[in-house]
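Below is one structure, written out as structure tokens, with a few remarks after it.
The values are calculated or read from the model by the stated rules, or taken from the named source; none is laboratory data. Quick caveat, the model's predicted, so the values are computed rather than measured. In this analysis, Cβ positions are derived from the backbone assuming ideal geometry, glycine residues included, and neighbour counts consider all displayed protein chains. The area values use the complete protein model at the heavy-atom level, side chains included, leaving out ligands, DNA and RNA. Shrake-Rupley method; radii C 1.70, N 1.55, O 1.52, S 1.80 Å.
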Amino acid sequence: AVILGVYIRSLPMQDHGGNPGLWDITTNDWTLGPDLDPWLFTRYADTIVKQGSLPRIDTFRNVPLGFDTSIETKLLPYMIVWTYYLVNLFGNYSINFAAAIFPVIMFALTIISFFLFVREVFIRTDKKTVLKANLTSLIATFFMIVIPAFLSRTIAGIPEKESAGFFFMFLTFYLFLKAWKSEKIRYSAILGGLAGISTAAMGLIWGGVVYVFVAIGVATLLAFILNKVSKKEAIAYGLWLGLSAFLLSFFSNRYNLSEFLTSTSNLISVFVLFVIIIHIVLWKTKISKYLDGYSKKIPKNIISIIIAILVGIVLLSIIFGISFIPNKISGLIDTFIKPVTGRFNITVAENRQPYFTEWTASFGPFLKNIPILFWLFFIGSVILFKEMLKPLLKKDAWILTGLYILFFFGLVFSRYAPHPYILDGEGFISRLFYFGSAFLLIGALIYYYTRCYQQGLRKFEEIDYEYLFFFSIFVLTLFTARSAVRLIMVLGPISVILVGYLIIATITKFKQTKDETSRIVV
């Protein structure tokens, strides 16, 4: 898989009829592909090689004032410089060559971290799951190598932020899952800290670090509600968030601690840590005796969340003013309706909010205008969602799965095509379909969770955290693919995990099915 991925991505640099690709005959040196940002990163790398460091002010930008490089991604140019020194151990190569080969090297590492992450999602203590997890990971990896939505950002000659950012993203996901699943607190703490370092590295390269903060935050909040957060998990989570926040604010002026703690994108992950702290204060101290009466009807975790919200609103209003919370809520609603705003953003092609008929083109091949890969990962997500709900009563699981299908359609098809289509993403019906399907699923989950608790059943607590983690990532990438053209590439490698799962789940079902007709259908 690594060899195939590297071979495909190095094709632009290979010899074509006596002339190597990406070769500039005017300078007699390697060159980059037709993308703007990589030239900036390469210039920064060249400056570091020649001067030993990057100057604080870049006089080539924002003339005559210059540009403060401390608020830009500084780690990426340094990584290109390290690649330059590495390749020169084997010959005499220019900084342009190092920049051109950099995304290929990073993708080789990304393949490995992606494989390990997917394996960790599906592997359990049961030995029978090992083979299935390995095969699912391997199939997903081969798909990920060739999917067009992801290929353009990781190919030779395009040393973009994403080529390194994806490596750290999947490495963070893998390390955090390992931290969560580790039995010993010491190992969990170490892995949580390493996940924090990896998250910080991603943040110092690419703003896509938002995916990490939101996905881990949402997954851990769900786990907290399902009573899955104990001392070990709380320590791992705290170390991950604390270390990543500290390193980001220490190494870059792009982030400061105050903005990090209050920004909309990080709000969910910070809120979860606050909830965990409030929960410890409420139930591990003498305060608990005043709340014991309420915990018979309402789960302790839900009481902690309610109190955390109230305390948080009071504290934030005192510190930042009364308007802070309403402004954040308004901004959050705007994010769901129109994620990309501002005249500059919406006029840049890759930031434009696409319609389903546009972004689905990245998930072919097409059979009579039907995007095969799209429907495969949709079916895979439905089967995995049903598998996640296996601990629940069969009837409840089927109802929730049906509502998940409606939610998926609402998220994806509510912005199907521009006017005069009814589902244009702007009209009342589109928004009703979009928000209504989400509220129906959330409402049903709350209803069944409450009913189970009142009946003394703990079925929801048996749901695997790995599945909660994966669906937090998947739904987030679906939402962002709907939000901006350039973010379709993040859905690409996540969607193929479901294709790999679908293939292995189908083979397993086929082997288990005895009835001949059913076997033919499978």
Quiz prompt | Test: residue in the range 201-212 that is more than 14 Å from the chain's Cα centre (by Cα) and modelled with pLDDT of 95 or more | solution = yes
Quiz item: For Ile322, all conditions in the list (1) surrounded by fewer than 18 Cβ atoms within 10 Å (Cβ to Cβ); (2) part of a helix (DSSP H, G or I); (3) of a type outside the set (D, E, K, R) hold save one; what is the number of the exception?
Solution: (2)
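Right, Ile185: closer than 24 Å to Ala219 by Cβ, without any contact (Cβ under 8 Å) to a residue 60 or more places away in the chain and surrounded by fewer than 19 Cβ atoms within 10 Å (Cβ to Cβ) or not?
So Ile185 fits the description; yes.
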Practice problem: Answer yes or no as to whether Leu177 is in contact (Cβ under 8 Å) with a residue 40 or more places away in the chain, farther than 23 Å from Leu4 by Cβ and either out of contact with any Lys or Arg (no Cβ under 7 Å at 6 or more places or on another chain) or open to solvent by 10 Å² or more (accessible area, probe 1.4 Å) (or both). | Solution: yes
Quiz item: Where in the range 346-433 are there helices (runs of 4 or more DSSP H), lying wholly inside it, with at least 2 residues that are of a type outside the set (D, E, K, R) and at pLDDT 90 or above?
Solution: 372-388, 394-413
Quiz item: Within the set of pairs 6+ apart or on separate chains, which have a first residue in the range 440-455 that is farther than 18 Å from Thr401 by Cα, a second that is surrounded by 12 or more Cβ atoms within 10 Å (Cβ to Cβ), and C-beta atoms under 7 Å apart?
Solution: Tyr453/Pro299
Exercise. Filter the range 38-74 for residues that are touching a residue at least 40 places away in the same chain (Cβ under 8 Å) and surrounded by fewer than 18 Cβ atoms within 10 Å (Cβ to Cβ) and give the result.
Key: Val49, Asp68, Ser70, Ile71
Self-check item: Enumeration of residues in the range 271-295 that are within 30 Å of Ser330 (Cα to Cα) and open to solvent by 30 Å² or more (accessible area, probe 1.4 Å)
Solution: Phe271, Leu273, Phe274, Ile277, His279
Exercise. Go through the range 161-170 and give me each residue that's under 12 Å from Val209 (Cβ atoms) and either open to solvent by 10 Å² or more (accessible area, probe 1.4 Å) or aromatic (Phe, Trp, Tyr) (or both).
Key: Lys161, Phe166, Phe168
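Please verify whether Leu332 is modelled with pLDDT under 80, of a type in the set (A, V, I, L, M, F, W, C) and open to solvent by 20 Å² or more (accessible area, probe 1.4 Å), treating the condition exactly as stated.
The answer is yes for Leu332.
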Quiz item: In the range 269-297, how many residues are free of Cβ contacts under 8 Å to residues at least 12 places away in the same chain and within 32 Å of the chain's Cα centre (by Cα)?
Solution: 2
Exercise. Would you be able to tell me the number of residues in the range 476-488 that are at pLDDT 90 or above, aliphatic (A, V, I, L, M) and open to solvent by less than 10 Å² (accessible area, probe 1.4 Å)?
Key: 1
Quiz item: Do the conditions hold for Thr73, that is, is it closer than 21 Å to Glu162 by Cβ, assigned to a loop (DSSP other than H, G, I, E, B) and under 27 Å from the mean Cα position of the chain (by Cα)?
Solution: yes
Quiz item: Would you pick out the residues in the range 460-516 that are small (Gly, Ala, Ser) and under 12 Å from the mean Cα position of the chain (by Cα)?
Solution: Ser472, Ala481, Gly492, Ser495
Practice problem: Inspect the range 215-228 for any residue being among the basic types (Lys, Arg), surrounded by fewer than 19 Cβ atoms within 10 Å (Cβ to Cβ) and at negative phi and give the result as yes or no. | Solution: no
Self-check item: Pairs where the first residue, in the range 120-133, is within 17 Å of Trp180 (Cα to Cα) and the second is among the basic types (Lys, Arg) and part of a helix (DSSP H, G or I), C-beta under 8 Å, 6+ apart
Solution: Glu120/Lys178; Glu120/Lys181; Phe122/Lys132
Exercise. Would you check if Gly500 is part of a helix (DSSP H, G or I), modelled with pLDDT under 95 and under 24 Å from Leu177 (Cα atoms)?
Key: no
Self-check item: Pairs where the first residue, in the range 141-158, is more than 12 Å from Asp35 (Cα to Cα) and assigned to a helix (DSSP H, G or I) and the second is open to solvent by 10 Å² or more (accessible area, probe 1.4 Å) and of a type outside the set (Val, Ile, Thr), C-beta under 7 Å, 6+ apart
Solution: Thr141/Ala1; Thr141/Phe115; Phe142/Ala1; Ile145/Ala1; Ile145/Leu4; Pro148/Ser362; Ala149/Ser362
Quiz prompt | Checklist (1) over 27 Å from Glu233 (Cα atoms); (2) surrounded by 12 or more Cβ atoms within 10 Å (Cβ to Cβ); (3) small (Gly, Ala, Ser) applied to Ser265, failing item | solution = (1)
Exercise. Give the number of residues within the range 296-310 that are part of a helix (DSSP H, G or I) and surrounded by 15 or more Cβ atoms within 10 Å (Cβ to Cβ).
Key: 8
